[in-house]
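Have a look at the structure below, then the notes.
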Amino acid sequence: QVQLAESGGGLVQAGGSLRLSCAASENILSFGAMAWYRQAPGNQRELVAAISSGGRINYADSVKGRFTISRDNAKGTVYLQMNSLKSEDTAVYYCNADRIRTPAGIRFGVWGQGTQVTVSS
């Protein structure tokens, strides 16, 4: 069944930038709302940014003006451009799709395995 895979995480100094990508494991027909979440040690998973199938975008207050979410429907990929990174952005970042349609059917609530982002101060 279709899965999501994140890439682009790593170690960066404060003030630096990273671009995360999230792609489906196989060709898809369409996908619904996509979102990026993050979870730091000892904290609950929190929503970072979301983009609907129509392009409506929401950001957590903590990342507004620094992060940009975008999607490429043709490629079945969602991106998170992260600028002006802070140490408090350190976390595992997960992508999520509320639904993915493939020739085999529809999966709901699909999560990636996560990618580590570490910001050194």
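The values are calculated or read from the model by the stated rules, or taken from the named source; none is laboratory data. Remember, it's a predicted structure, so these values are computed and weren't measured experimentally. Positions of Cβ are backbone-derived with ideal geometry, glycine not excepted, and every protein chain shown enters the neighbour counts. Note: areas computed on protein heavy atoms with side chains; ligands, DNA, RNA excluded. Shrake-Rupley method; radii C 1.70, N 1.55, O 1.52, S 1.80 Å.
Rounded to whole numbers, the Karplus 3J(HN,Hα) couplings from phi for the stretch 13-22 are 7, 4, x, x, 10, 9, 10, 8, 10, 9 Hz, using 6.51 cos²θ - 1.76 cosθ + 1.60 with θ = phi - 60°, and x at Gly and Pro. When the chain is described by a simple charge dipole with +1 on each Lys and Arg Cβ and -1 on each Asp and Glu Cβ, the residue from 59, 104, 11 located farthest towards its positive end is 104.
Computed over protein heavy atoms with a 1.4 Å probe, the carbon and sulfur contribution to the accessible area of the chain reaches 45%.
What number, in percent, do you get for the relative contact order of the chain if the mean sequence gap of Cα pairs under 8 Å and at least 6 apart is divided by its residue count? Write out the running numbers ahead of the final one.
Details: 309 pairs, mean separation 44.2, N = 121.
Value for the chain: 36 percent.
Averaged per residue, the stretch 1-111 has 53 square angstrom of accessible surface, using a 1.4 angstrom probe with ligands and nucleic acids left out.
Could you work out the relative contact order of the stretch 32-101, using alpha carbon pairs under 8 angstrom and six or more residues apart, expressed as a whole percent?
Relative contact order for the stretch 32-101 comes out at 39 percent.
For residue 17, neighbours were defined as the other residues whose beta-carbon sits under 15 Å from its Cβ, and their charges (Lys and Arg +1, Asp and Glu -1) total +2.
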